[in-house]
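S.K.: Before I ask anything, here is the structure I am working with.
The values are calculated or read from the model by the stated rules, or taken from the named source; none is laboratory data. Worth saying up front: this structure is predicted, and the values here are computed from it rather than measured. FYI the Cβ positions are ideal-geometry reconstructions off the backbone, even for glycines, and counts take in every protein chain you see. All accessible areas refer to the heavy atoms of the entire protein, side chains included, with ligands and DNA or RNA removed. Shrake-Rupley method; radii C 1.70, N 1.55, O 1.52, S 1.80 Å.
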Amino acid sequence: MSYYAKHVFFCTNDREDGGQCCQRFNTRKMRKYVKNKCKELNIHGEQQVRINSGGCMGRCSEGPVIVVYPEAVWYTFVDEDDLDEIIDQHLLKGQVVKRLLLPRQ
């Protein structure tokens, strides 16, 4: 059994050269939002959900990007409402939010 039931990685990469990157969408702030929301819901921690920052995930043109493991489900989002839907549907209920999915490559 994995230490966490779900592990969520936010790309928080910030390109110094001004190139396309997820941090242009305030992903550090959004990661903190999701982490705090999961704590409020009592689903953050051992055998539950872990929210982490990640470096570049190589899908800059599709950003902002998050990935949920162990399912390896890749999402994009626009705002907190999208993130709330991912929390409610995927993290709490185990259902993929199809409208926010990134295509498999």
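Residues checked against (1) under 28 Å from Arg15 (Cα atoms); (2) part of a helix (DSSP H, G or I); (3) of a type in the set (Lys, Arg):
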{"site": "Asn42", "(1), (2), (3)": "no, no, no"}
{"site": "Arg50", "(1), (2), (3)": "yes, no, yes"}
{"site": "Gly58", "(1), (2), (3)": "yes, no, no"}
{"site": "Asp84", "(1), (2), (3)": "yes, yes, no"}
{"site": "Gln89", "(1), (2), (3)": "no, yes, no"}
{"site": "Gly94", "(1), (2), (3)": "no, no, no"}
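S.K.: Do you know which residues across the stretch 57-76 are open to solvent by 40 Å² or more (accessible area, probe 1.4 Å) and of a type in the set (Ser, Thr, Tyr)?
M.R.: Result: Ser61, Tyr69.
S.K.: Just need a number here: residues in the stretch 40-54 that are of a type in the set (Asp, Glu), under 18 Å from Asp84 (Cβ atoms) and either surrounded by 18 or more Cβ atoms within 10 Å (Cβ to Cβ) or in contact (Cβ under 8 Å) with a residue 40 or more places away in the chain (or both).
M.R.: Adding up the residues that qualify gives 0.
S.K.: Specify the residue that is modelled with the highest pLDDT; the eligible residues are those in the stretch 15-39 that are in a loop (DSSP other than H, G, I, E, B) and open to solvent by 30 Å² or more (accessible area, probe 1.4 Å).
M.R.: Only one residue fits best here, namely Asn26.
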